[in-house]
Amino acid sequence: MTVNIQPPIHNQLEYFIEQAACAPAIVTAVVHPVSHNSLVGAIEAANKGLITPILIGPSAKIQAAADEEELDISTYEIIDVEHSHAAAEKACELARQACVQTLMKGDLGSSELISAIINKQIGLRTERRLSHVFVFDVPNYHKPLIITDGAINVTPSLNDKRDIIQNAIDFSHSLGVSSPKVAILAAVEKVKPNMPSTIDAACLCKMAERGQITGGILDGPLAFDNAISQQAALDKHICSDVSGDADILLAPDLEAANMIAKQLIYLANAKSAGLALGARVPIILTSRAETPLGRLASCALASYMARHTLSS
């Protein structure tokens, strides 16, 4: 797959889709696609050449959803299981057997799918903690912006944050960013003993110096303004290689990351996609209310990650 480190500004997600469509489609286990969005999203991604879907769930419900949308799914493999929990387990089994390259969430809760993925006996756990990345095309930012973790880890520990950062760095490598810049966010840019997020930021930067986090450039604590604006950093006399040029923003917890993500979407007209990382395969973990662009872009990003993992 040909990768341009700097996709066109403000058409970044569309660019990822175009590039991923030039590569062979990745085989994808679509888990419980029994609703409009979950089934149509998978078929649209297949029509774009991004995925080859294997539809897993109650076959009668899948067919009923297809009939309602007037979709022809006769050319796709359907694995009939009784319910959503069994569909999640079957998808994990296919991934363990290397029959699929990624999983895609259908009409089931994220927690139900993640429970199957992290199951010690039947899941897809690795030594790395599972985490989520949002990838944003923000109109007034000069490159794709990754925010983590706004969907899985509620109050991550220091070691959790190490894994979350490493997952995001490895993902950035798959997009062609050789040394992504990571801004570790807090409310202030100085280490404060009574603000745990600032202490974690300082520890994570030292861990990177000691080789416990590799492949990126870390700085923190940084407030949001001096993470994304070099001028704001200069005004506060902060000398940083990350300020104003961050590729990745690590939020102190899920609530902060989720709020930042939704503010960018609803107040800054940002376009977004998302993946869960840290399992044996990338997980397309989109909301059931995700836009068509977000679903397609998430499939494209999974393609980048899956192929990068195979080539590593």
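The values are calculated or read from the model by the stated rules, or taken from the named source; none is laboratory data. Only a predicted model underlies this, so the values are computations on that prediction, with no experimental measurement involved. So basically every Cβ, Gly included, is an ideal-geometry build from the backbone, and we count neighbours across all protein chains shown.
Odds and ends about this structure:
- Residue check, Pro180 outside the structural domain of Ile43 (by TED's automatic domain parsing) and out of contact with any Ser or Thr (no Cβ under 8 Å at 6 or more places or on another chain): no
- Unique match (being farther than 18 Å from Lys161 by Cα and either out of contact with any strand residue (DSSP E or B) (no Cβ under 8 Å at 6 or more places or on another chain) or assigned to a loop (DSSP other than H, G, I, E, B) (or both)) among Ala232, Ala246: Ala232
- Only one entry of Thr102, Thr126 meets the criterion of being hydroxyl-bearing (Ser, Thr, Tyr) and in contact with a Cys (Cβ under 9 Å, 6 or more places away or on another chain), and that entry is Thr102.
- Check on Ala23, within 16 Å of Leu108 (Cβ to Cβ), modelled with pLDDT under 95 and of a type in the set (A, V, I, L, M, F, W, C): no
- Applying the condition of being more than 21 Å from the chain's Cα centre (by Cα) and polar (S, T, N, Q) to the range 77-131 and asking which residue is farthest from Asp149 (Cα to Cα) yields Gln97.
- If only residues of the range 38-70 that are surrounded by fewer than 15 Cβ atoms within 10 Å (Cβ to Cβ) and under 19 Å from Thr286 (Cβ atoms) are counted, the one that is nearest to the chain's Cα centre (by Cα) is Asn47.
- Out of Leu293, Leu285, one residue alone is crowded, with 22+ Cβ neighbours inside 10 Å, touching a strand residue (DSSP E or B) at 6+ places or on another chain (Cβ under 8 Å) and either of a type in the set (Val, Ile, Thr) or under 29 Å from Ile17 (Cα atoms) (or both). It is Leu285.
Residue-wise test of (1) over 24 Å from Ile17 (Cα atoms); (2) among the hydrophobic types (A, V, I, L, M, F, W, C).
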position: Gly106; (1), (2): no, no
position: Gly109; (1), (2): yes, no
position: Ala116; (1), (2): yes, yes
position: Asn119; (1), (2): yes, no
position: Leu130; (1), (2): yes, yes
position: Asp137; (1), (2): no, no
position: His142; (1), (2): no, no
position: Ile146; (1), (2): no, yes
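- Lys206 being assigned to a loop (DSSP other than H, G, I, E, B), without any contact (Cβ under 8 Å) to a residue 24 or more places away in the chain and over 23 Å from Ala276 (Cα atoms): no
- Flag: Leu296 matches the condition of being modelled with pLDDT of 90 or more, among the hydrophobic types (A, V, I, L, M, F, W, C) and in the same structural domain as Asn119 (by TED's automatic domain parsing).
- Of the residues in the range 276-285, at least one is part of a strand (DSSP E or B), in contact with a helix residue (DSSP H, G or I) (Cβ under 6 Å, 6 or more places away or on another chain) and of a type outside the set (Phe, Trp, Tyr).
- If the condition is being crowded, with 21+ Cβ neighbours inside 10 Å, closer than 25 Å to Pro156 by Cα and in contact with a Leu (Cβ under 7 Å, 6 or more places away or on another chain), then the range 93-113 contributes only Lys105.
- Positions within the range 209-229 being modelled with pLDDT under 95, in a helix (DSSP H, G or I) and over 22 Å from the mean Cα position of the chain (by Cα), in sequence order: Asp225, Asn226
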